[in-house]
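The values are calculated or read from the model by the stated rules, or taken from the named source; none is laboratory data. The structure displayed is predicted, hence computed values, not measured ones. Note that we place each Cβ from the backbone using ideal geometry, even for glycine, and neighbour counts take in every protein chain shown. SASA here: full protein model, heavy atoms, side chains in, ligands and nucleic acids out. Shrake-Rupley method; radii C 1.70, N 1.55, O 1.52, S 1.80 Å.
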Amino acid sequence: MWKHLWLAVSAFLFAESIMSADTSATAALPAVFPPWQGETPPAAHPGVVFTVPEVDNMPDFHGNPAAAEFVVFAGGNYFFALEELVDAFERQKPELRGRIFYETLPPGVIVKQLQNHNTITVGNLTLSIQPDVVQAGEKRIAELIEQGVLQGPPVRFIKNRLAIMVKKGNLKDIRSLEDLGKPGVRLANPDPETEGISEQIRAALRQAGGEELVREIYGTKVKKGEAFLTEIHHRQTPLWIMQGKVDAGVTWISEPRYQMMIGHPIDFVPIPPKHNREGIQAAAIAKNARNPGAAKDWLAFLRSDEAESILEKYSMARPR
C-alpha cells in the first residue's frame with residue numbers, strides 16, 4: 001500500500017514540476033499570435049467574436065462564407081495587402097461590402113482544396129465553397145488553367161523578391177544566405193510540398209552557395225533539428241522568430257515589412273540582386289465561378305493604380 005502511495009505522490013510531484021516548467025517557459029514567450037493586430041473580420045455582421053489564441057483561431061479565413069457573394073482563394077504570403085485590396089474594391093462595389101469571403105492559405109493547400117471539391121477541414125470545421133477567383137504563383141495558375149480548373153487569360157499583378165527575416169537586433173549577425181548554413185543558426189524553411197516560395201528560396205541558395213548550401217539548409221539542418229518546415233510560412237516564420245524557436249527564415253520582403261509596420265520586433269537582411277529571386281503572383285477566374293461579373297471587375301482592379309499603391313507600401317510592385 002505504502003509503495004503504491006509513494007509512487008502516486010512521486011508521479012504527482014513530477015507532473016507538477018513539468019507543468020511549472022512549461023508555465024514558466026510559456027510566460028517567457030511574447031503574447032503574440034495570429035491574427036495580428038489590425039486584422040479585422042470583413043463580414044457585414046460578425047456576431048459573437050470568439051477568438052482564443054492557439055486554440056480557436058482561423059486567421060487565414062476571412063469573412064462569412066454563408067453570406068458571400070464573391071469568393072477568392074489566394075496564396076497567403078500577402079494576406080495583409082489582401083485586406084486592404086478587398087476594402088478598396090468594396091468601396092468601388094458597395095453592393096459587395098461585407099459579402100466577400102477570401103482565404104489566404106499556402107498555394108499548395110489551395111490546389112488540394114480545389115481537387116477535393118473546394119472542401120477543406122480545419123479542426124472540427126469543414127468548409128465547402130466555390131471560388132470565383134484563384135490567386136497563386138503564375139506557374140501554378142498556368143497549370144490550373146491547363147487542367148481546366150481556371151479560365152484564362154491570367155492576370156499578373158504582384159512582383160515580389162526575397163529577404164531574410166530575422167528578429168530585431170539580428171543577434172546571430174546574419175548578413176547573407178551563406179550565414180544561414182552556419183552551425184547553431186536555427187531556421188524556418190517553407191515546406192516544398194505546399195509553399196511555392198520554396199522553389200525560389202532553393203534557387204537563391206544554389207546561386208549563393210551551390211548545391212552544398214541547399215543540402216545543408218533543406219537537408220542536414222532539418223535532420224539535426226536546426227531547421228523546421230513551415231506549413232503556413234507567412235504566419236509561422238515571424239511567430240517562431242518572436243517566440244525564440246528560430247533565428248531566421250527566408251520570406252518575401254513584403255512580410256518583414258508588414259511585421260515591422262505593425263510594431264513587431266522583426267527586421268530583415270536584404271539579399272543582393274545576384275542571389276535574389278523574384279516571384280510573380282497571378283489570378284484567374286474559376287471555371288464554375290458563381291459571380292463571373294465581379295470576378296472580371298476584381299481582375300481589372302488588381303491591375304489598377306489604386307491596387308499598385310497598396311502593394312508598394314509593402315515593397316511589392318506591379319509586373320510590367
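Keeping all protein chains in the complex and leaving out DNA, RNA and ligands, what accessible area do you get for Trp240 with a 1.4 Å probe, in Å² to the nearest 10?
The accessible area of Trp240 comes to roughly 30 Å².
Is the shape of the range 37-131 best called rounded, prolate or oblate, per the rule: a/c under 1.5 gives rounded, else a/b larger than b/c gives prolate, else oblate, with a ≥ b ≥ c the square roots of the Cα gyration tensor eigenvalues?
rounded
Under 5 Å between amide hydrogens, which residues at least 5 positions from Gln135 or on another chain qualify, with H placed 1.01 Å from N in the peptide plane?
Phe73, Ala74, Gly75
Taking the Cα centre of the chain as origin and charging only Cβ (+1 Lys, Arg; -1 Asp, Glu), how large is the dipole, in debye to the nearest 20?
580
When the accessible area of the range 227-320 is split by element with a 1.4 Å probe, what percent falls to carbon and sulfur?
Carbon and sulfur: 51 percent of the exposed surface of the range 227-320.
Given the protein chains as shown and a 1.4 Å probe, how many square angstrom of Arg290 are accessible, to the nearest 10?
It works out to around 130 Å².
Would you please report the Å³ per residue occupied by the convex hull of the alpha carbon atoms in the range 26-75?
Cα convex hull per residue, to the nearest whole number: 111 Å³.
Taking the chain as a Gaussian network, Cα atoms linked when under 10 Å apart, which of Asp267, Asp56, Asp297 shows the biggest mean-square fluctuation?
Answer for the Gaussian network model of the chain: Asp56.
How many percent of DSSP beta bridges within the chain run antiparallel, rounded to 5?
70
So if I place +1 on the C-beta of Lys and Arg and -1 on the C-beta of Asp and Glu, and nothing else carries charge, what would the dipole magnitude of the range 110-240 be about its Cα centre? I want it in debye, nearest 20.
500
Going through the range 114-163, which trypsin sites (Lys or Arg not before Pro) have at most 10 other Cβ atoms within 10 Å and a DSSP loop state?
Here no trypsin sites (Lys or Arg not before Pro) fit, given the DSSP loop and packing criteria.
Given the options Asn276, Asn116, Asn288, which has the most mean-square fluctuation in a GNM of the chain, springs set between C-alpha atoms less than 10 angstrom apart?
Judging by the Gaussian network model, the answer is Asn116.
What are the DSSP H helices in the chain that stretch 18 Å or more along their long axis, judged by alpha-carbon atoms, and whose average Kyte-Doolittle hydropathy comes to at least 0.0?
Qualifying helices: 2-28, 79-92.
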